[in-house]
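The structure appears right after this line, and notes come after that.
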Amino acid sequence: MLRLDPYESCMRHPGAVYCTAYMTFVSDEPSQLLTLMQEYSKHTSTHYNHTRIFYGTCMTTTCSTFYNTTVDLRLNLEACRNKTLYEEYKLRVQVEDDVSCVGGKHDENQIGPAQIVLAAILIALVMLNVIGSLYDVFCKEKRGSVCIKHALS
């Protein structure tokens, strides 16, 4: 199952954070709804697993009251989704794996030290290639002249 907040409208706002994660429905107390979902999902050859959902959540709008940059995003996301689910269905969700976020300080596309070092190495290789090619073009006809003497010294 899939439940996504609108990504484009979320990211239009400055400082917006959009997170995605797989979650599983759970209950602290016996729940007819959860039992029904589990029973239905047991037949994997004909039914989709309705106890597992992929959420895309705009943390800065949908979960603004729960969004806290000092707390683990996994906890923020669970708390936000659990409030609504518990009020409506007496169910909770647990995040199955890592939360993936874009925007704010959680942006996965930020340039880090490893990317800077890689870019410097690539630029150096390209520059050496250009210098070598220019040397070859301008000195190809002058074998035995000044070009070779400069290269050997």
Fill in the blank from the handout: Under a Gaussian network model of the chain whose springs join Cα atoms within less than 10 Å, the largest fluctuation of 92, 81, 12 belongs to 12
Handout entry: Three principal axis lengths of the chain [C-alpha, angstrom, descending]
Key = 91, 41, 25
Practice task
Step through the residues of region 10-15 one at a time and calculate ³J(HN,Hα) from phi using the Karplus curve (6.51 cos²θ - 1.76 cosθ + 1.60, θ = phi - 60°), rounding each to whole Hz and writing x for Gly and Pro.
Solution key: 5, 6, 5, 7, x, x
Exercise for the section: Give, rounded to the nearest 20 debye, the magnitude of the charge dipole that region 2-106 has about its Cα centre when Lys and Arg contribute +1 at Cβ and Asp and Glu contribute -1 at Cβ. Expected result: 160
Exercise for the section: Report the one residue of 135, 66, 76 whose Cα lies farthest in the direction of the positive end of the charge dipole of the chain (charges on C-beta: Lys and Arg +1, Asp and Glu -1; origin at the Cα centre). Expected result: 135
Practice task
Express in % the proportion of alpha carbon pairs of region 37-95 at distances exceeding 20 Å.
Solution key: 36
Handout entry: Helix-derived mean residue ellipticity, 222 nm - over the chain, DSSP H n ≥ 4, -39500 (n - 2.57), to 500
Key = -13500 deg cm²/dmol
Fill in the blank from the handout: If amide H atoms are modeled at 1.01 Å from N in the peptide plane, then the residues at a separation of 5 or more from residue 50, or on another chain, having amide H under 5 Å from its own are 41
Handout entry: Tilt relative to the chain, helix 32-41 - C-alpha long axis, 0 to 90 degrees, to 10
Key = 50
Completion exercise
Whole-Å distance linking the alpha carbon centroid of region 29-47 with that of region 110-127 is 51
Completion exercise
For region 2-106, whose charge dipole is built from +1 on Lys and Arg Cβ atoms and -1 on Asp and Glu Cβ atoms, the candidate among 94, 49, 18 with its Cα farthest towards the positive end is 18
Practice task
Determine one quarter of the surface area of the Cα convex hull of region 1-79, which equals its mean projected area, and express it in nm² to one decimal.
Solution key: 6.5
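A short reminder: the numbers here are calculations on the coordinates, not readings from a lab. Computed from a prediction, not measured in an experiment: that's the story for all the values here. Note: ideal-geometry Cβ built from the backbone for every residue, glycine included; neighbour counts use all protein chains shown.
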